[in-house]
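These notes concern the structure reproduced below.
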Amino acid sequence: MEKERVSKPPLTLMTIVTWQRLKGELGKAEQSLRKANLEVGEAAGPTHDWHDNFGYDQAMRDSHMSSLRVKDLREKISSAEFIKPREDIRDIEIGNTVHILFEHEDEVEEFTLLGPEDTATNKNWISFTSPLGSRLIGGKLGELLEYNVNGREFRVTIAGIFPGRFE
């Protein structure tokens, strides 16, 4: 008899700062789940009346959504692979900080290229999977790049490549 294969979740690239943020979110999500589960019992009442009971139905939906959030956070936390600041500045890769000059703008903007979960941690952290982030990969100083967001074209010049600034 062949042993059943269990697939591991894919690694989730993120900074340790984001991992810590997600751990905090997990604690809050677990509290919400406990509260939602209590509300299920309260809504059912002592007679466990769930038939035609809107309060019970809503409590069950809330419990289900909270459960999914807890599961999602646990998977991300357990599959985390930490991004370290990249020191190489010959080209742009995950872990570099970059200065970008948008066409028709006068001031450069600073972004750090990281993982998808990192974008909620710092407004200047962008995902390597985003339209701009995916175009920056492999980019070199002075290079002009074009990318598209929802049918709108953007042009940027790479004005600087630096070691990552995010620890």
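The values are calculated or read from the model by the stated rules, or taken from the named source; none is laboratory data. Since this is a predicted model, take the numbers as computed values, not measurements. Don't worry about glycine lacking a Cβ; one is built from the backbone with ideal geometry, like all the others, and counts go over all protein chains shown.
Among the residues of region 72-82, is any touching a residue at least 12 places away in the same chain (Cβ under 8 Å), more than 28 Å from LYS23 (Cβ to Cβ), of a type outside the set (S, T, N, Q) and surrounded by fewer than 19 Cβ atoms within 10 Å (Cβ to Cβ)?
Within region 72-82, not a single residue is touching a residue at least 12 places away in the same chain (Cβ under 8 Å), more than 28 Å from LYS23 (Cβ to Cβ), of a type outside the set (S, T, N, Q) and surrounded by fewer than 19 Cβ atoms within 10 Å (Cβ to Cβ).
Select from region 99-128 the residues that are in contact with a helix residue (DSSP H, G or I) (Cβ under 6 Å, 6 or more places away or on another chain) and part of a helix (DSSP H, G or I) and write down the one among them that is nearest to THR157 (Cα to Cα).
We begin by selecting, within region 99-128, every residue in contact with a helix residue (DSSP H, G or I) (Cβ under 6 Å, 6 or more places away or on another chain); these are 113, 117-118, 121, 125-127.
Subset that is part of a helix (DSSP H, G or I): 117-118.
Working: GLU117: 25, ASP118: 23 Å.
So the residue we want is ASP118.
So, in region 129-159, how many residues would count as being part of a loop (DSSP other than H, G, I, E, B), under 18 Å from GLU103 (Cα atoms) and either modelled with pLDDT under 95 or touching a strand residue (DSSP E or B) at 6+ places or on another chain (Cβ under 8 Å) (or both)?
Matching residues across region 129-159 total 5.
For region 48-73, give me each residue that is charged (D, E, K, R) and at pLDDT 95 or above. If you could, list the steps in order and put the result at the bottom.
Going through region 48-73, the residues charged (D, E, K, R) turn out to be 49, 52, 57, 61-62, 69, 71-72.
Across region 48-73, the qualifying residues are ARG69, LYS71, ASP72.
Go through GLU103, GLU117, GLU110 for me and flag whichever is surrounded by fewer than 17 Cβ atoms within 10 Å (Cβ to Cβ), outside the structural domain of LYS28 (by TED's automatic domain parsing) and out of contact with any Lys or Arg (no Cβ under 6 Å at 6 or more places or on another chain).
That would be GLU110, the only listed residue that is surrounded by fewer than 17 Cβ atoms within 10 Å (Cβ to Cβ), outside the structural domain of LYS28 (by TED's automatic domain parsing) and out of contact with any Lys or Arg (no Cβ under 6 Å at 6 or more places or on another chain).
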